[in-house]
1. Give me the number: length gained by fully extending Asp15 to Gln175, i.e. 0.36 nm times residue separation minus the C-alpha to C-alpha distance, one decimal in nm.
2. What FRET efficiency would be calculated for the residue pair Ser68, Glu167, taking the C-beta separation as r and a Förster radius of 22 Å, to the nearest 0.05?
3. Work out from phi, with θ = phi - 60° and the Karplus expression 6.51 cos²θ - 1.76 cosθ + 1.60, the ³J(HN,Hα) of each residue of segment 79-85, listed in order in whole Hz, and give x for Gly and Pro.
4. Can you tell me the FRET efficiency between Lys6 and Asn28 if r is taken as the Cβ-Cβ distance and R0 is 22 Å, rounded to the nearest 0.05?
Amino acid sequence: MTEDEKLAFAAQGGDKTAVETLLEKYKNAVRGIARGYFLEGGDGEDLVQEGMIGLYSAITDYREGGMSFKNFAYLCIHRRIMTAVKSASRQKHLALNRYVPLDNADGQGTDMVSEVNPETILIGGEERGEFLRLLKQELSEAEYAALFSYMEGLSIAETAARAGKSEKSVENAVQRAKKKVLALLRNRER
């Protein structure tokens with residue numbers, strides 16, 4: 001049993017410190033996932049809030065014997081954010097308010113039409129591995145590191161501090177990486 005799983009069970013038993021520890025530990029992941037979606041009529045913080053609700057649900061609903069807590073938490077976060085995006089789309093002009101997944105590069109973006117099932121997860125994992133190998137070939141080491149720090153939810157300043165580089169160079173690396181990722185995704189769709 002992992003430390004996160006122990007904390008989840010402690011939280012379910014009423015340990016508030018365990019809840020706070022897990023919320024703090026996964027908050028950057030929530031921010032990273034939320035960055036991957038666009039909510040018409042809302043802002044990024046709305047999606048972060050939805051993601052944190054999904055994380056809290058993961059803490060309270062986790063059961064032993066299935067997937068790891070980390071995977072379960074990511075699944076709950078994604079589902080909560082996607083539900084918010086779909087709900088916002090239904091309330092206004094559907095054609096204008098479709099969600100826009102911005103970050104399939106980390107393998108976390110999903111097709112909103114299909115539900116998550118074992119087959120989708122397996123295929124997604126294979127595609128993710130293939131795509132990550134392609135990214136490592138196409139991106140410079142600095143671009144790759146900057147992009148994945150950004151996707152983890154770290155700010156440009158935090159990423160720069162971690163890498164020992166200037167914020168400007170990290171920002172430029174993220175922007176170059178995003179352009180290359182978009183080009184790769186467009187090529188894969190053809």
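1. My answer for the length gained is 53.4 nm.
2. Plugging the Cβ-Cβ distance into 1/(1 + (r/R0)^6) gives 0.05.
3. Ordered by residue, 3J(HN,Hα) equals 4, 5, 5, 5, 4, 5, 5 Hz.
4. Calculated value: 0.60.
The numbers here are math on the coordinates, done by the rules we state, and not lab data. Just so it is clear, the model here is predicted, and its values are computed rather than measured. All Cβ positions, glycine included, derive from the backbone under ideal geometry; neighbour counts span all protein chains shown.
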